[in-house]
Each structure stands twice: as C-alpha cells, then as structure tokens.
1. Stretched out fully, how many nm does the piece from Ser67 to Ser122 gain, at 0.36 nm a residue minus the Cα gap?
2. For the chain, what is the relative contact order in percent, using Cα pairs closer than 8 Å and at least 6 residues apart in sequence?
3. Quick one: what do you get for the chain if you divide its Cα Rg by 2.2 N^0.38 Å?
4. Which value, in Å², gives the accessible area per residue of the stretch 43-149 when a 1.4 Å probe is used on the protein heavy atoms?
5. Just flag the chymotrypsin sites (Phe, Trp or Tyr not before Pro) in the stretch 92-149 sitting in loop per DSSP whose Cβ has no more than 12 other Cβ atoms within 10 Å.
6. For a test of the definition: using alpha carbon positions, the gyration tensor, and the 1.5 limit on a/c, classify the stretch 103-149 as rounded, prolate or oblate.
7. Would you mind telling me the share, in percent, of accessible area of the stretch 90-149 contributed by carbon and sulfur at probe 1.4 angstrom?
8. Under a crude label model (7 Å from the Cα following the beta-carbon direction), how far is Glu135 from Glu86 in nanometres?
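The values are calculated or read from the model by the stated rules, or taken from the named source; none is laboratory data. In this text the structure is predicted, and so the values were computed from the model without any measurement. Please note: Cβ atoms are built from the backbone with ideal geometry, for glycine as well, and neighbour counts cover all protein chains shown. Areas reflect the complete protein model, heavy atoms only, side chains present, ligands, DNA and RNA absent. Shrake-Rupley method; radii C 1.70, N 1.55, O 1.52, S 1.80 Å.
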Amino acid sequence: MERTFVMVKPDGVQRGLVGEVVARFERRGFKLVALKMLRIHRDLAERHYAEHQGKPFFEDLVSYITSGPVAAMVIEGRNVVATIREMMGATQPAKALPGTIRGTYGIDVGRNIVHGSDSPASAAREIELFFVDAELLDYQQALEPWIHE
Ligand code: IDP
Ligand code: MG
C-alpha cells in the first residue's frame, strides 16, 4: 500500500486547521500511520526543501517553515500520493480549485497551509527525514473492507 508524507505548515497550525486537514484525509478513507508535532530547525528545512535551494524564494520558505510548530504525518492508501496532492490544490492558493484545502483556506503562495509529497520517491525520502521506523504504526484499519473493494 502506498504512503505519503503530509505536513500542516506553521500557518495552518496557528490558524487551528490541523484537525480540519487531518479530518479530510480520514474521511476520504485514508489511514493515518504516524502523526506528531515538531518545530523544524534550519538544517531539516534545508534538507526537506533541498530541490528549491538557490531559488529566489528559498530563504523566505525556510523562515516560513521554521517559524512555528508543524503537524507532520504519514498517510497510507491506494494512490494516496496523487490523491492528496489533488485534495491540497495548486501550490499557489489563488489558483487552487475551490473545495481543495489551499483553495478553501489560502491566498498567498508563501502561506499555503499544507505540504504533501509530490511522488512516491519523494514520499519515501521525506518520511525518512521526519520519522523513525518505530513511529510508523502497523495496524488494521477496521473499516478497510468498506473502503477498498
Ligand atoms: P508544493 O508545496 O505544491 O509541492 P513546491 O513548488 O514544491 O510546491 O514549493 C514548495 C513550497 O515553497 C510551496 O508550497 C510554497 O510554500 C513555497 N513556494 C513555492 N513557490 C514559491 C514562490 O514562487 N514564492 C514563494 N514561495 C514559494
Ligand atoms: Mg513540492
């Protein structure tokens, strides 16, 4: 089963949107396999966003993501990486479809509430950056047969 890394960013935490974001993924039928809050420090931010090093917005991005606590999670389900990207909406909230998380709660690209891995390979890399194996819980989702046929 596929896994993805999701994070409610500092603006989402401060705005009280953690429950809202998690609830959307739970209601969709996805399984939470890890969930914790942490304060990201600069070295982790630079590693997480390594692909953006050197871009004009990189410094702003690092100060944004390190500006307060985040809620980090690992979510599992069929095609979960792509589905969660769709549920998040476009990177620029102004272009995100209404009904998506960013299209419901966001306006500026530098305050776009949520992160989700963009591919299964990114997911594996990001999960390893944020979690140790013992934090990834292996359990049976009781409703699983009612969610997957
Ligand atoms: P994603 O979060 O939708 O995957 P990426 O292109 O990977 O988007 O960018 C990572 C994060 O960097 C975005 O979510 C956003 O917070 C920030 N970002 C991206 N592009 C810009 C920009 O042009 N200006 C300011 N911040 C940006
Ligand atoms: Mg990205």
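1. Here the answer is 17.5 nm.
2. The normalised contact order for the chain reaches 35 percent.
3. Taking the Cα Rg and dividing by 2.2 N^0.38 Å, one obtains 1.01.
4. Per residue, the stretch 43-149 has 57 Å² of solvent-accessible surface.
5. In loop regions of the stretch 92-149 (DSSP not H, G, I, E or B), the sparsely surrounded chymotrypsin sites (Phe, Trp or Tyr not before Pro) are Tyr139.
6. It comes out oblate by the Cα gyration axes.
7. Reported share for carbon and sulfur atoms: 57 percent.
8. About 2.9 nm, to one decimal.
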